[in-house]
1. Just name the residue that is farthest from D49 (Cα to Cα) out of those in region 299-316 that are surrounded by fewer than 24 Cβ atoms within 10 Å (Cβ to Cβ) and out of contact with any helix residue (DSSP H, G or I) (no Cβ under 7 Å at 6 or more places or on another chain).
2. Output the number of residues of region 144-154 satisfying the condition of being part of a loop (DSSP other than H, G, I, E, B) and either in contact with a Lys or Arg (Cβ under 8 Å, 6 or more places away or on another chain) or open to solvent by 10 Å² or more (accessible area, probe 1.4 Å) (or both).
3. Name the residues in region 363-376 that are open to solvent by less than 20 Å² (accessible area, probe 1.4 Å) and within 24 Å of the chain's Cα centre (by Cα), would you?
4. For region 24-61, which residues satisfy the criterion of being open to solvent by 10 Å² or more (accessible area, probe 1.4 Å) and among the β-branched types (V, I, T)?
5. Name every residue in region 15-37 that is outside any strand (DSSP E or B) and either among the basic types (K, R) or in contact with a Ser or Thr (Cβ under 6 Å, 6 or more places away or on another chain) (or both), in order of residue number.
6. If you check E157 against the conditions, is it in contact (Cβ under 8 Å) with a residue 12 or more places away in the chain and in a strand (DSSP E or B)?
7. Please go through (1) surrounded by fewer than 24 Cβ atoms within 10 Å (Cβ to Cβ); (2) out of contact with any Gly (no Cβ under 9 Å at 6 or more places or on another chain); (3) aliphatic (A, V, I, L, M) for V21 and return the number of the only condition it doesn't satisfy.
8. Among the numbered conditions (1) open to solvent by 10 Å² or more (accessible area, probe 1.4 Å); (2) under 22 Å from N57 (Cβ atoms), tell me where L102 comes up short.
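The values are calculated or read from the model by the stated rules, or taken from the named source; none is laboratory data. These numbers were taken from a predicted model, which means no experiment stands behind them. Cβ placement follows ideal geometry from the backbone for every residue including glycine, while neighbour counts extend to all protein chains displayed. Heavy atoms of the whole protein, side chains included, go into the accessibility calculation; ligands, DNA and RNA do not. Shrake-Rupley method; radii C 1.70, N 1.55, O 1.52, S 1.80 Å.
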Amino acid sequence: MNKFTLDFTKSAGKIKPMHSVGQPPIRGVDFSMFEYLKKANIPFSRLHDVGGWFGGNMFVDIPNLFRDFSADPADPANYDFTFTDLLITALMENGVEPFFRLGVTIENFAKIKAYRIYPPADYHKWARICEGVIRHYTEGWANGFYYNIRYWEIWNEPDNYEQIEENRMWKGTKEQYYQFYEVASKHLKAKFPHLKFGGYGSCGFLAFSNELAPYAASSPRFQYFVEFFEGFMAYIQAHNCPLDFLTWHSYAGIDGNLESAAFARRRLDECGYTHTEHFLNEWNWYPELFGTPRHAALTAAMILAMQDTSLDGAMFYDARCGTGMFSGMFNGITCQPYPAYYSFVAFGQLYEQGTQVPVGKLPKGVYACAAKGEACCIMVANINTESVSLPLEVTGTGEITECKIVKDGATWEDYSYDDTLPAESVLYIKLSL
């Protein structure tokens, strides 16, 4: 018989921020839904594609923050921080640190006409503009703020194309991006040595995925992602560029993402970037299941599986409140949480405790993580279509003080665990010390 045995006297490192999100649930300039992020202890929100097409002409994108590229970056009057100030302040007030993407929003119809995704006309000037943005939010410049915003991502998906001539994020060559990254990263790191700069929002490494074989291995698009990455790593090595963190994306399943994480970490280490963090800062899974308990279980399983990889964090794409294929946390009509939202709530409780407790071998299709701090917490996901017998044996802790479940017919409801994990469910248990 399977048993779920936990010893809370043992430790297995830190719980990592695997439950971060992409753009937050803004509705125009209404940020009231950020309270959901606070309730789930969401640590980061990556600010990419915020506000819709072209950043809604208001948010985050460099052309929105600095509207006339011919102007002087040293003059505060040439910046327009109005709406991004509101967004950043609302996030910080709800305990969410921005993961700030310096660049532009994706242009999905760039093959018809592109607007903002061409390489900047002057890389050095673009870097000085970003310097002004960072000073505004971290050093009070231009009537700004002193926020602790640590991560600054240089562009997004410069390797994103359907066909090479139809790139939707970077209408330049890969060599132009490498040069651009060199100029921006060196300038910004010299000005802000205490902050973290990296990139580049890679489209990922699924060319080597066993999960997607043989399609991935034969896909020119997937192969190009790796070609771009290897060229980037060779360039920054040769030119001694800073890379505090690498970001990459994947919309595969658990196996594909774990394979990609292992590849990214291995190549960073082989290239001498052993201290470079890496983040899967766009992921999503089974959008056709949004709003179902199964999607909650799959989402929870992904978060739990990624905790035990070399990843330093992950960001679900995304937390917008809409009706598209990426809006998996909230119902775009009612603005109420989908069941998957509570997978983030559950992991947020583990994250708050801080220290991971080792978990032994589990049945196929069952994923779990445990943590201790001021209390002891357990989170389990069963993605099987059948229930699983899983008696719980716990030492080094006290009594169960809270138990919640997401399953068919119950969304984050009180539950009395009877040693059987229901099909397609997420279980959260809190125990006293």
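1. Here the answer is D308.
2. 6
3. Scanning region 363-376 gives G365, V366, A368, C369, A370, A371.
4. I26, V29
5. The answer is K16, P24.
6. No, not satisfied.
7. V21 satisfies every listed condition except (1).
8. Only one criterion in (1) open to solvent by 10 Å² or more (accessible area, probe 1.4 Å); (2) under 22 Å from N57 (Cβ atoms) is unmet by L102, namely (1).
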